[in-house]
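Readers should treat all values here as calculations from the given coordinates under stated rules, not as data from a laboratory. Every value quoted in this text rests on a predicted model; they were computed, and no experiment measured them. Virtual Cβ from ideal backbone geometry, glycine too; neighbours counted across all protein chains shown.
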Amino acid sequence: MSVEFYLFDADYVRRLAEGDPATDAHFGTYFGKFIFLKLRSRRVTPEMIEDVRQETMLRVLKVLRQGAGVTHPERFGSFVNSVSNNVLLEFNHKNSKHPPMDDDTPEPFDNRVDLDASIVTEERKRMVAAVLDELSAKDREILRLVFFEDSDRSVICKRLKVDLDYLRVLLHRAKAKFQTAYVKKHGTSPYAANFFLMSILGNACVLGLTILLRWK
Amino acid sequence: MEVMDHETAIQTKASERYAIGDLSSIEREAFEEHFSDCTQCMDDVSLASTFAANAKAVFRERAQAKPKPSGAFLNWLFARPIPAFAAIVLAAVIGYQNMVVIPETKAPRSVVASVTLDGETRAALPQVKAADALRVQMPFDRPAGSANGSGELKGSEELRFSGELKVYVELTDTLGNAVSKGAVAAPGPNQPLDLYFPVRLNPGRYTVVVRADKAGPEIARSAFEVTSQPAKTQ
């Protein structure tokens, strides 16, 4: 299911509260993807991502179907984001053997797990490789330092005598070329196909949670 | 919590920065607050993240696929056998020179006793042992009329280096082949010509010829014999 432009409003929230299958499916796909991206940026393990996603959706559906609902349906996404923040914080505290950290403390990274396994495919790698090969040697080296070496951005800029804006524009153009190549071949953007599995999991999760909430 | 507006997200390229972890924690949370409600930005983040993840995988594979230096050297050798063979031979020669020849030349040696050659008038030639280094002394008379008022040799201007007068010396074997040759400093008046030849000679008869210059007139000539037996006392 594609997650094309979709506005949240009172009607969407009402349909979700009533268990409308299409809205349930959209909710599972959209926020499954959102939580994945959010937790990927924090390098949370895939297992924990799945746990946080299920718990977040369960709490949101509980609020809608058994609780007071949401006061600002037009900001429903923001509401789900807050719930996921709370869930993540609780999971972090529960999993930690140490005293709770301040909110400002950066999350510890676990570099042993491959967070990107679900979005890396051979075909995409070929397309990205083609995009990279079209770049100048200098631009390719910049991206290599960013993605592979994970070097400090200011160090990269100083070393290759570019500014941060150049780096961002370079990444933006490379990303756009990748999208063009993908759309040309598949007729759809990679993010639509990206979360196909996540969509299935998300929908199954919402269906299960719906049944669970009704049974209770 | 602050929420980033859509315009700011576009202008600051927040999607790309989010995908590569280039936002501060405050910016990141503000942007998450925005794209949780904005499908366009979420798709943009998704695309940037997909590109970043696959680019990282591509660079990782390329780094792993780079041949090791030793493999590259072997590939070069097998791809170009003739230059490779020449390079190996050259390396062996240079190695031999550096490890054997040059150290030998720098090693201390005993002074070699000189053999006096007194021209070709003697019936019995002076003898030199084959294994010995060759150092000879021979009389050096400036021919009558060949010296000018300052005692210099005529016809040897091309052998004058840095003001020092030179003569041309040639060591030849029985067949007349030059074994060693070159210019040496001429001795002073009433001094013998003292020569050292850095060669090992086989048994046989040899002749030392001294000329004013390479193609000039012969000034002196002496013969000697190299034997495999210890040199006889003269």
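Of note:
- In this structure, the pairs whose alpha-carbon distance is over 30 Å, taken from A:Lys138/B:Lys66; A:Lys62/A:Lys184; A:Lys33/A:Lys62; A:Lys161/A:Lys184; A:Lys33/A:Lys125; A:Lys62/B:Lys13, are A:Lys62/A:Lys184; A:Lys161/A:Lys184; A:Lys62/B:Lys13.
- J(HN,Hα) series, segment B:25-40, from Karplus relation 6.51 cos²θ - 1.76 cosθ + 1.60, nearest Hz, glycine and proline x: 5, 5, 4, 4, 5, 5, 6, 4, 4, 6, 6, 5, 10, 10, 5, 5
- Kirkwood Rh and Cα Rg combined as Rg over Rh, evaluated for segment B:1-42: 0.90
- Sequence of B:Ile94, B:Ile82, B:Ile219 once ranked by neighbouring C-beta atoms within 10 Å, starting from the fewest: B:Ile82, B:Ile94, B:Ile219
- Mean projected area in nm² (Cα convex hull; one quarter of hull surface) for segment B:162-219: 4.8
- Think of each Lys and Arg Cβ as +1 and each Asp and Glu Cβ as -1; about the Cα centre, that makes the dipole of segment A:36-102 roughly 60 debye.
- Less than 5 angstrom separates the built amide H of B:Lys13 from none of the residues sequence-distant by 5 or more or on a different chain.
- As a proxy for reagent exposure, ranking A:Ile156, A:Ile119 by other Cβ atoms within 10 Å from fewest up yields A:Ile156, A:Ile119.
- Nonlocal amide H pairs with B:Lys129, under 5 Å, H built at 1.01 Å: B:Thr227, B:Ala231
- Spin-label model distance (nm) - A:Tyr166 vs A:Val183, 7 Å beyond Cα toward Cβ: 2.9
- Paramagnetic reach from B:Val93 (point 7 Å along Cα→Cβ, amide N under 14 Å) across segment B:182-217: none
- For segment A:1-96, the relative contact order is 37 percent, taking Cα pairs closer than 8 Å that sit 6 or more residues apart in sequence and dividing their mean separation by the residue count.
- The order of B:Asp213, A:Asp133, going from fewest to most other C-beta atoms within 10 Å of their C-beta, is A:Asp133, B:Asp213.
- Inter-part distance, segment B:16-37 to segment B:161-210, computed on C-alpha centroids, equals 90 Å.
- Near B:Leu117, the amide H atoms lying under 5 Å from its own belong to B:Gln137, B:Met138; only residues 5 or more places off or on other chains count, and H is placed 1.01 Å from N.
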